[in-house]
Amino acid sequence: MRTHRLALLAAGFLLAALPAKPQSGGELRFVLRSEPKTFDPMLVDEEASETIRYLTGGVLIRVNRKTQALEPELAVSWKVSEGGKKISFRAREGLLFSDGTPFTAEDVAFTMQKLMNPDLHSPTGDSFRSSQGPVRVTTANPRDVTIEFPAPVAGLERLFDQVAVVSSHSPKKEAAVLGPFVVAEYKSGSYVLLKRNPLYWKKDARGRRLPYLDSIRLDIQQNRDLELLRFKRNEIQLINSLDASYFENLAKEAPSAVRDIGPSLDSEQIWFNQVPSAPIPDYKKNWFRSTSFRLAISEAINRDDLCRVVFGSHARPAVGPVSPANLFWFDKSLQPHPYDPQAALRRLQQEGFRLDGHVLNDPGGHAVEFSVVTNAGNKYREQMAAMIQQDLEQIGIRLNIVTLDFPSLIERISRTFDYELCLLGLVNVDLDPSAQMSVWLSSSSNHQWNPEQKSPATSWEAEIDRLMQAQASTNDQNQRKRYFDQVQKIVWEQQPFIYLVNKNALVVISPALANTSPVVLRPQTFWNVETLYFSNQGRGASQ
Amino acid sequence: MKFLRQTAAVFLVAIFIATLFAGILAPAPYARQFRESPNALPSRIHLLGTDELGRDLFSRLLYGSRVSLLLAPAASLLATIIAALVGGVAGYVGGWIERIALAGTDLSMSLPWLFLLLTVRAVLPLNLPPAASLLITFGLLGFFGWAASARVICAGARGLRNSDFVLQAKACGCSSQRVLLQQVLPNLRPVLYAQFLISIPVFILTEANLGILGLGVSEPLPSWGGLLRGLENWSAVQANPARLAPLVLLFVVVSCFQLVMPQEDFAS
């Protein structure tokens, strides 16, 4: 009898230790902050359309948003050869599109041919275009397909995370999908309704077909205040990215719903105008071109205070172009420039600057005064500018803050170059440094501090050009990492961009939703949408 | 009523004196950031608490009141003078001059001034000190904000054009200029006062809105408009209701302006 009791107790513990059986059904709701511009997965160019592509599209390879490693999806295996020029896939067998059309290697070939058609102007296709020339796609049999590019493509296999395979035979064209959901209804300006794809190929560990959710309703809602209000009313269950002040506000009311996941990939930075033809005085150009001057400014800014005061400690001092959230590419040997106004002053004095009373003068006797431009209406940037203003005042520098409407700001920083210092943010969606080529190459129009150079203006910019091209021309990830570490070090030493903070990824998830695991990569809250489900308690609350 | 008027007058004088002596009365410089205590609640050190950057709200209110109480009325005066000239002459002279003036007024009111202001800001030099940006902001408000008042003043002047005393003055051989300056304008005084008073809070609020668009008074100089922007953060207001002080002060000051105006001026 005693043995039986013990056995029952052990069985009870075992059952308790097993994960709860996921519940099928229910409708997940969250907000799209803009109207999706397209449902064609090849033409996606903004976040709302990307959300729909992610939820509906089937891809050959998926970047696991948690581990940041590549995982096979529609392809069971792949092989990159010829230094990144060629990639071969073996397709998964027996899969069906949502309309019942079978999936074969022909569909992959059709997708790639369509994607690389220059007449389509596909933003996704553009990321594969490393040089001029045709892309050759060959299918040896219904499972094997080989794609050959005219030149090596850096981080080639990772780019397939964005390529949703479309059917070559389905009469529904791109509406036939291989992802977990299909678009069922769309009301312009109001909502997009996605229904469960009954033919989705993935199953859970118990053999049940995924996804667990019946549908997802994406309400189109631009206003953040209303989004927050709707969450409080339990009308939506997820908020993907949240401002620090909204986060703090909600944390008081629903502490179990808010999650700070740590530094995101996004950064805030300042840069000085180094364009030779800029309509600013020559003596100021000399300051801005001086590495010591830029380093001194960097040292005079209290990044810890920016994180604590402006972002309520929901940010980290930034080191460089790569956030610590980027697990592979971040150079761990680098640290943010320490806040040390005295060291900054000494550095400037070594360059001939002198502090007369409370005013810093350059060797030519000019008082050091310049303006910072940023976009009007962005509370965080305006506050950061005000704090930098006070930090620089401590070393005798007068900073004037100018907030401009966005078109005027862009006009100044990219066409007239009539500005001195600019404060803006960089939103990173790609982990691979090749996505930043247009920022670092001196010939590029996005090389903000001095764009479209005919030849590199400085030796360190020439070195960055060389290293970026070198990392793009090899497929050896470790070698690429070594090259890009050097780029990060040069940027850290030269400070063409003075990186300020990496904002934390802040999300909100209803406790009714189970199996959630938010991450810093987009889409932060629903990257594992197939396995999300409503818990028993939550089901009642959310319906 | 007399008591109320006197109280309002005393209050306004007290406010003006307080703002003029802000340098002495303010417990801290308006730009100083007490970074260890952002969003602090009212205390002996910070009478109204601090803002998001830890700046003393009482000091900022004193300096901001100085800016707004001096410059919003100045801008309102400029707008009222322009409106009096355009509307007064148009209404008194009448005929095609009135039609042209009113057409110009309508055109002025239909123009998207917001975008014009943005354009003006976009072409201004960047290295303007905060004080210069302040003068430019309120100057632009005064220069662009006359049209609505001009229409009201024109209607008032038109009513006086055929009045007995104007006809009598003309019959006595007074020149048009003399009639306009000595007969018409004094009788338009209640309308001018009203337009002047109405424009003050309008300009203060416009400055606040322009601040959001980047055309307001630049940091770190405070103004009522800039301080009112702090009310956007409602959770901070709930935590520290003293943040409503700029709004209360604006309401009280505008009410006091109404009370101190001679009531007989509004009798007509």
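The values are calculated or read from the model by the stated rules, or taken from the named source; none is laboratory data. In this text the structure is predicted, and so the values were computed from the model without any measurement. Using ideal geometry, Cβ is built from the backbone for each residue, glycine included, and neighbour counts are taken over all protein chains shown. Accessible surface areas use protein heavy atoms only, side chains included; no ligands, DNA or RNA. Shrake-Rupley method; radii C 1.70, N 1.55, O 1.52, S 1.80 Å.
Details
- Within region A:40-65, backbone nitrogen closer than 16 Å to the virtual label 7 Å beyond the Cα of A:Ser188 toward Cβ: A:40
- Accessible area of B:Asp106 (1.4 Å probe, protein heavy atoms only, ligands and nucleic acids ignored): about 70 Å².
- Radius of gyration and Dmax over the Cα atoms of region B:112-225, both given in Å: 19.4, 60
- Per residue, the Cα convex hull of region A:437-514 amounts to 150 Å³.
- The simple spin-label model puts a point 7 Å past each Cα toward its Cβ; for B:Val93 and A:Glu393 those points are separated by 5.1 nm.
- Net charge, A:His169 excluded, C-beta distance under 15 Å - Lys, Arg +1, Asp, Glu -1: -1
- Averaged over peptide B:121-128, the number of partner chain Cβ atoms lying within 10 Å of each residue's Cβ comes to 6.
- Karplus-derived HN-Hα couplings along region B:84-93 (A = 6.51, B = -1.76, C = 1.60, θ = phi - 60°), whole Hz, x at Gly and Pro: 5, 5, 5, x, x, 5, 4, x, 6, 6
- Over 31 Å (Cα to Cα) - which of A:Lys195/A:Lys252; A:Lys252/A:Lys379; A:Lys195/A:Lys481 fall in this group: A:Lys195/A:Lys252; A:Lys195/A:Lys481
- Residues of region A:489-525 with amide N under 17 Å of a point placed 7 Å along Cα→Cβ from A:Phe328: A:520-522
- For region B:1-123, the residue among B:Ala72, B:Phe115, B:Phe34 whose Cα projects farthest onto the positive side of the dipole built from Cβ charges is B:Phe34.
- The residues of region B:2-267 have, on average, 48 Å² of accessible surface per residue, using a 1.4 Å probe with all protein chains present.
- Among A:Val319, A:Leu218, A:Val44 the positive-end extreme of the charge dipole of the protein assembly as shown (Cβ point charges): A:Leu218
- The residues packed around A:Ser267, meaning those with a beta-carbon under 13 Å from its beta-carbon, carry a net charge of +2 if Lys and Arg are +1 and Asp and Glu are -1.
- Amide proton proximity set for A:Arg129, modelled H, under 5 Å, gap of 5+: none
- Protein-only accessible surface order, largest first, of A:Val372, A:Val135 at 1.4 Å: A:Val135, A:Val372
- Calculated diffusion of region B:2-267, Stokes-Einstein form, Kirkwood radius summed over Cα pairs, 25 °C and 0.890 mPa s, µm²/s: 120 µm²/s
- Over chain A, DSSP H runs of length four or greater, each weighted -39,500 (n - 2.57), average out per residue to a 222 nm ellipticity of -8500 deg cm²/dmol.
- Size of charge dipole - region B:2-267 - debye, nearest 20, with Cβ of Lys, Arg +1 and Asp, Glu -1, no other charges: 340 debye
- All-pairs Cα distance distribution in chain A, expressed in whole percent, bin size 20 Å: 19, 48, 28, 5, 0
- Normalised contact order of region B:2-267, rounded percent, pairs of Cα under 8 Å and 6 or more residues apart: 26 percent
- Dipole of chain A computed with +1 at Lys/Arg Cβ and -1 at Asp/Glu Cβ about the Cα centre; of A:Thr139, A:Ile410, A:Pro451, farthest Cα towards the positive end is A:Thr139.
- Protein-only accessible surface order, largest first, of A:Ser473, A:Ser241 at 1.4 Å: A:Ser473, A:Ser241
- Accessible area (Å², 1.4 Å probe, nearest 10) - A:Val80: 40 Å²
- In nm, spacing of pseudo-spin labels at B:Cys172 and A:Phe39 (7 Å Cα→C-beta vector): 8.2 nm
- Using the 1.4 Å probe convention, the accessible area of region A:411-514 works out to 37 Å² per residue with neighbouring protein chains retained.
- Taking each DSSP H run with n ≥ 4 as -39500 (n - 2.57) and averaging over every residue of chain B yields -22000 deg cm²/dmol at 222 nm.
- Surface accessible to a 1.4 Å probe, A:Tyr483 within the full protein complex, Å²: 50 Å²
- For region A:397-406, putting each phi into the Karplus relation 6.51 cos²θ - 1.76 cosθ + 1.60 with θ = phi - 60° gives couplings of 9, 9, 10, 9, 9, 10, 9, 10, 5, 4 Hz, in residue order, rounded to whole numbers and with x for Gly and Pro.
- FRET efficiency, 1/(1 + (r/R0)^6) with R0 22 Å, evaluated for A:Asp356 and B:Arg32 via beta carbons: 0.50
- Computed log10 I(q)/I(0) for region B:104-176 at 0.12 Å⁻¹: -0.56, from the Debye equation with unit scatterers placed on every C-alpha and solvent omitted.
- Viscosity 1.567 mPa s, temperature 4 °C, Stokes-Einstein D of region A:9-164 from Kirkwood C-alpha radius, µm²/s: 73 µm²/s
- Approximating the spin labels as points 7 Å out from Cα along Cα→Cβ, the A:Ala205-to-A:Gln342 distance works out to 5.8 nm.
- Per-pair calculated FRET efficiency, R0 = 56 Å: A:Val427 and B:Ile100 via Cβ, rounded to 0.05: 0.60
- When Rg and Dmax are taken over the Cα atoms of region A:98-246, they come to 19.4, 56 Å.
- Listed peptides A:162-168, A:519-525 by packing density, highest first (mean Cβ within 10 Å): A:162-168, A:519-525
- Karplus-derived HN-Hα couplings along region A:264-275 (A = 6.51, B = -1.76, C = 1.60, θ = phi - 60°), whole Hz, x at Gly and Pro: 8, 7, 7, 9, 10, 8, 10, 8, 8, 6, 10, 6
- Over region A:461-504: Rg over Rh, Cα atoms, Kirkwood Rh: 1.05
- Size of electric dipole in the protein assembly as shown: Cβ of Lys, Arg +1 and of Asp, Glu -1, about Cα centre, debye, nearest 20: 1560 debye
- Reachable aspartates and glutamates from A:Lys172, criterion Cα separation under 19 angstrom, eight or more residues apart if same chain: A:Asp40, A:Asp99, A:Glu106, A:Asp107, A:Glu185
- Residues with amide H under 5 Å from that of A:Tyr186, placed H, sequence gap 5 or more: A:Leu193
- Summing +1 for each Lys or Arg and -1 for each Asp or Glu among the other residues whose beta-carbon sits under 15 angstrom from that of B:Val89 gives +4.
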